[in-house]
1. Within segment 52-75, take every residue that is closer than 18 Å to L120 by Cβ and of a type outside the set (F, W, Y) and give me the one that is surrounded by the fewest Cβ atoms within 10 Å (Cβ to Cβ).
2. Which of the following residues is surrounded by fewer than 16 Cβ atoms within 10 Å (Cβ to Cβ), farther than 28 Å from V281 by Cβ and among the hydroxyl-bearing types (S, T, Y): Y376, Y329?
3. Of all strands (runs of 3 or more DSSP E) completely enclosed by segment 311-423, which ones contain at least 2 residues that are more than 21 Å from S263 (Cα to Cα) and among the aliphatic types (A, V, I, L, M)?
4. Does at least one position in segment 108-116 carry a residue that is within 30 Å of H338 (Cα to Cα) and modelled with pLDDT of 85 or more?
5. Could you list all residues from segment 389-416 that are buried (at least 19 other Cβ atoms within 10 Å of the Cβ) and either under 18 Å from N74 (Cα atoms) or hydrophobic (A, V, I, L, M, F, W, C) (or both)?
6. Check segment 269-292 and report whether any residue there is modelled with pLDDT of 95 or more and out of contact with any strand residue (DSSP E or B) (no Cβ under 9 Å at 6 or more places or on another chain).
7. Anything in segment 317-337 that is under 14 Å from L367 (Cα atoms) and not hydrophobic (A, V, I, L, M, F, W, C)? List them, or say none.
8. Looking at segment 216-246, which of its residues are under 24 Å from the mean Cα position of the chain (by Cα), of a type in the set (S, T, N, Q) and not in a strand (DSSP E or B)?
Amino acid sequence: MTTRIGLPFLLLALITLSFQSCLKDSCQEVVTYYNQVPVYKSLAEMRQDISVEPARDLKNPGKLYFYNNYVFINEVREGIHVIDNTDPKNPQEVAFINIPGNVDMAVQGNILYADNYIDLLAIDITDPASPVQAGRAEQVFNALWYDDNQQKYCVYYDVVETTETVDCGSITRNGGGIFFNGGFLGMENIDVAAPSADASGSGVGGSMARFTLSNGHLYTVDDTNLRVFSLAAPLQPSLVNTVGMGWGIETIFPYEHYLFVGSTNGMYIYDNTNATAPGYVAQLAHANACDPVFVSGDYAYVTLRDGTFCEGFDNQLDLVNITNIYSPYVEKTFPMDHPHGLSIDNNTLFLCEGENGLKVFDVADPLKLDKNQLDYIKNIDAYDVISVPGQDHVLLLIGKDGFYQYDVTDPKNLKLLSKIEVK
């Protein structure tokens, strides 16, 4: 049988082959990527006392914290928004604490502890609308490095979106990101305390936090270390121990007398019965991924998500059995869209899915949570959540597009109480 090929098809084929031949000689591609640009600061630029300003708009919200009917929201590397949340239906923005370099916070006994680049500040919030700086522990956190030529410290990487035309040979894709001319280009900026309310008057943070309080001590994690601060003199926190933990450390969650630490390659468990010297208990390794942890009963709930800084491909919720604390294991894995922070109130799990919204599950039987999804709010960008103690059935949620509060009396039908939008 003879097949006839029309002239237009032959011309198209010849043009295509000619174009491909040209591409072999000179291949270029337009790429958009997020470049990590080092930011340098002198000691004088970093070490500035706080200033208290009138309330300002949310622009780039980060961590979320609740204390004594007040909500504190980090404005990434700029400071902290103070919100009177006595009435969750009508939250009142009362002040902004200007703290250069601030990313994390925790509160105990009317003292707010916040990072100021390489220093730790103690801020008296007896009157949250008029905070007063009361103490400073100097150079307790590491800068990335010191540049002798500039006589400045590299304190973080700014993530800058860049679009340009490049040679194909200079691009290598890996883990959802791009390696360009030997440099790593991140696709997601992860800056990345948990429920810790106790008799000492601690507040409650989200599952993405790197600060938490337990046993009269403040515990902080950075990319490589767990640091322990004594709060025996609350206004003068004292660094009493530094525990090296390797690379990729992200979050910390206190539960009973244990600290659960999330990293990009696993979950670590430390016993802090001796508050100043947490002792290694166990590690659960997993594929590279960003890794917040929440613990309830016999299980640790670990969310894994992809993204360039996370260096992974997984988007899932791992249910980790911790009945034997010395031998944790993944009992079941549930696929998710792009999970971030999470919180549990009694038998209800609230799980943030980033730009995919917020999912709600019944975890009375944790092994069947995928069969018991109660609600799904899709029109929000959810980063982290806090189930508020003392304010029955109120859920706090922070995302790229704003601060939300929900009435969760009926977990099958969450009701929006209020929203403060990102401007």
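The values are calculated or read from the model by the stated rules, or taken from the named source; none is laboratory data. Given the structure is predicted, the values throughout are model-derived calculations rather than measurements. Note: ideal-geometry Cβ built from the backbone for every residue, glycine included; neighbour counts use all protein chains shown.
1. G62
2. When all the criteria are applied, what remains is Y376.
3. So the answer is 358-362, 373-377, 394-399, 415-421.
4. At the first step, the residues of segment 108-116 found to be within 30 Å of H338 (Cα to Cα) are 114-115.
Imposing the further condition that a residue be modelled with pLDDT of 85 or more reduces the set to 114-115.
Within segment 108-116, one or more residues are within 30 Å of H338 (Cα to Cα) and modelled with pLDDT of 85 or more.
5. Keep residues of segment 389-416 that are buried (at least 19 other Cβ atoms within 10 Å of the Cβ), which gives 394-399, 403-406, 408, 411, 414.
Correct list: V394, L395, L396, L397, I398, G399, F403, Y404, Q405, V408, L414.
6. Yes.
7. Listed by number, the residues that qualify are D318, N321, Y329, E331, K332, T333, P335.
8. T224
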